[in-house]
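Have a look at the structure below before the remarks.
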Amino acid sequence: MTRVHNGAVYQTGGQAAEGVSYRDDQAPLIRSMLLAALILLLMIVSAGCSATGMDIETKGNTTTVTTKDGTTLTSTDEDGKLPDGLPFPAYPKAKVIAGNTSELYGLKHWTGSLETKGGKKEIEKIAAFYEEAIRDLGTVNRTETDEDGIYQIMLEIESKTHSGVVDISNWDEEAIVIDLSWQEKGDH
């Protein structure tokens, strides 16, 4: 079965060919799905605008969608790097698989996805690393779940001007996915 989580594609219930990371083969698909999700979000937010009322412009790795009422969504694929505005470091043992910067209604949103290998103990180490890295960003709320073979630690961060999430989970016995999200709040 294939799952999509925060713009990344994960395979569960099966295995990729030996020595091949499932997501390595899907990087263009991941970027396309993330862009499609952002455009869909814009369409939902801009209720009443038809698809013909949108202007879509792509320059390099940046896509800008403008509706006829002037609402603009800009999305930049960071080409395998974490975006500059994301205040979270990359976990040293993890590989960055996606990074994106977007802007809607003048508010910026930065995301990143990383992957590494390990089990429950490694997830605990990763959580401790990020708890240390984010402690000065705002109030942190930690939640843990362990169901159906998926162990997850989520760190939610709230400040006066921003909110964010560090989501660490295993999608099979060895793969660990780290999803990072940081966004500006309106009216601050």
Item to check | 1.4 Å probe accessible area per residue over segment 94-188, in Å² | outcome: 50 Å²
Checklist entry - Given labels modelled 7 Å from the Cα in the Cβ direction, how far is it in nm from Lys125 to Lys93? => result 0.3 nm
Next on the checklist: Can you give the FRET efficiency to the nearest 0.05 for Glu174 and Asp69, using r as the Cβ-Cβ distance and R₀ = 45 Å?
Outcome noted: 0.40
Checklist entry - Of the GluC sites (Glu not before Pro) in segment 111-188, which ones lie in a loop per DSSP and count no more than 12 other C-beta atoms within 10 Å? => result Glu173, Glu174
Checklist entry - If r is the Cβ-Cβ distance from Thr145 to Glu184 and R0 is 25 Å, what FRET efficiency results, to the nearest 0.05? => result 0.35
Next on the checklist: Taking 25 Å as R0, compute the FRET efficiency from the Cβ-Cβ separation of Ile56 and Lys81 and round it to 0.05.
Outcome noted: 0.55
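The values are calculated or read from the model by the stated rules, or taken from the named source; none is laboratory data. All values derive from a computational prediction rather than experimental measurement. Heads up, the Cβs are rebuilt from the backbone with ideal geometry, glycines too, and the neighbour counts pull from every protein chain shown. Remember, those area values only see protein heavy atoms, side chains included, never the ligands or the DNA or RNA. Shrake-Rupley method; radii C 1.70, N 1.55, O 1.52, S 1.80 Å.
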